[in-house]
Amino acid sequence: MENEALTEEMAKNIIESCIDCGECIEACYIAKVTDNKYTPKSKIMLLQKLLEGHELEQEEIDNIYLSTGCGACEAVCPADISITDVIKIERAILAQQGKEPAWITQVCTNTMKLGNLGGEDSSNKNSWVTDELELSDNSDVAYMAGCWISVAKHDIARSTIKILNKGGIVPRLIPKEKCCGHMLIANGHIQETKQYVKDYVEYIESLGIKKLVVSCPGCYSHFMKEYPELFRKPDFEVEFSVSLFSQLIEEGKLSPKKMNKTVSVKDACVIMQKSDIPRKVLSSMGIEVKELTDRNIFCCGGPEVKPAFPEISSKVAMFTIDNFKETPDGVVSYCPFCYVHLEDVCKEKDKEMAMQDISNLLLESLS
Ligand code: SF4
Ligand code: SF4
């Protein structure tokens, strides 16, 4: 949904289609940890005010930025209101009014100029590569680690490549790998993002890549959902690394050894539709999964909330930590941000929770 096409009439229709059932409020962890001060429903109601040209109070602006984009609200909305799209539109209007938080503007500028969130030199993006990894210069299968892994979780990228190598795949890297554009997309920078996505897709296509393997659920979701809307469907297939692991196991190309463990799984909000796949991979390792949350969306606290609202973000993370920490052999994650954020919050709050990424665990069972 693009904000320039949105009229007051359409905003009115969105607001009027809300039947005030409160389901979104129940589902939202930001609402829960703020005693319903910042709810999805109240975020929707701000749309009309913005479109009518009213100035928002600081607390109302905070409300619009207090969303992790987890999608738990819209997953339960009986009126099918795309609440995350409404939030993007509101953020786009705020950006046009010069009310976007400065840190978001900076991160979006870094993404546009340098292809990464932190403004680092992007030539370091593949600094996680070590000599033991088999990589090709010209394979038509490429691997994209994504920002979080490139910066903070090199082990996930290395384990992924080692697993692919064991399964007979020698991928190449993308020499000029860029951020998938997450913060641009989440903050409604539509026009800039269109060009950014076009340039990136065309660049990957120009390398002759037929399949792009990604380890980050956020990258996967943007390539699959937003890229076709912002530009077009890429000419290459995009595959989530854990799906490829599962396929290689099914084809008998990988044979994990059985591990006698019981774990719980921290699912990734943006690819809940794939939540059976990590469980299949764990089952092939003889690992039992203790289900703790009815497999509903259970947000970790989110990259968009942490920088400006660290306490609220940590409180959301504590739901996971308190619910999952007693699982006998810890928590398995398949999202690098969940992993980094939950680990950080455990340190901050002096809590212990054994956590492991699924790629590291699978590699262990293949060794
Ligand atoms: S996307 Fe998640 S955090 Fe944002 S309003 Fe919806 S449920 Fe709350
Ligand atoms: S779940 Fe949908 S219909 Fe119900 S209150 Fe929230 S936005 Fe309105």
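Each value in this text was obtained by applying a stated rule to the coordinates, not by laboratory testing. Note that the coordinates shown come from a computational prediction; the quantities given were computed from them, not determined experimentally. As a convention, Cβ positions derive from the backbone with ideal geometry for all residues, glycine included, and neighbour counts pool all protein chains shown.
Residues considered: 152, 142, 31. Largest GNM mean-square fluctuation over the chain, using C-alpha springs under 10 Å, is found at 152.
Which stretch or stretches of segment 345-366 have amide N atoms under 19 Å from the point lying 7 Å from residue 255's Cα along the Cα→Cβ direction? Inside the label zone: 362-366. For residue 103 and residue 203, the difference between the fully extended length at 0.36 nm per residue and the C-alpha to C-alpha distance is 33.2 nm.
Estimated from helices alone, the mean residue ellipticity of the chain at 222 nm is -14000 deg cm²/dmol (sum of -39500 (n - 2.57) over DSSP H runs with n ≥ 4, per residue). Within the straight-line cut-off of under 19 Å between alpha carbons, the lysines reachable from residue 290 are 258, 261, 266, 274, 280, 325, sequence neighbours fewer than 8 places apart in one chain being disregarded.
Would you list which lysines come within 19 Å of residue 37, measuring only between C-alpha atoms, while excluding same-chain residues fewer than 8 positions from it? Those lysines meeting the cut-off are 49, 306, 315.
Work out, in µm²/s and without decimals, the Stokes-Einstein translational diffusion coefficient of the chain at 10 °C, 1.306 mPa s, Rh from Kirkwood over C-alpha pairs. In µm²/s, the coefficient is 74.
So if each residue of separation counts as 0.36 nm, and I subtract the Cα-Cα distance between residue 10 and residue 275, what length gain in nm does that give? Don't skip to the answer; put the middle values down first.
Working: separation 265, 0.36 × 265 = 95.40 nm, distance 3.40 nm.
Length difference between fully extended and current span is 92.0 nm.
Label-to-label distance, residue 96 versus residue 323, with points set 7 angstrom from Cα along the beta-carbon direction: 3.8 nm. Relative contact order for segment 3-100: 32 percent, from Cα pairs under 8 Å spaced at least 6 residues apart, divided by residue count. Note that segment 24-106 carries a Kirkwood radius of 13.0 Å, evaluated over its alpha carbons pair by pair. Annotation: cysteines of the chain without a disulfide-compatible partner (Cβ-Cβ under 4.7 angstrom) are 18, 21, 28, 77, 108, 147, 179, 346.
With Rg and the Kirkwood Rh both taken from Cα atoms, where does Rg over Rh land for segment 240-367? List each step's numbers first, then the result.
Numbers: Rg = 14.7 Å, Rh = 15.0 Å.
The Rg/Rh ratio comes out at 0.98.
The phi-based Karplus calculation (6.51 cos²θ - 1.76 cosθ + 1.60; θ = phi - 60°) puts the 3J(HN,Hα) values of segment 51-65 at 5, 7, x, 6, 7, 8, 5, 4, 5, 6, 5, 4, 4, 5, 8 Hz, whole numbers, x for Gly and Pro.
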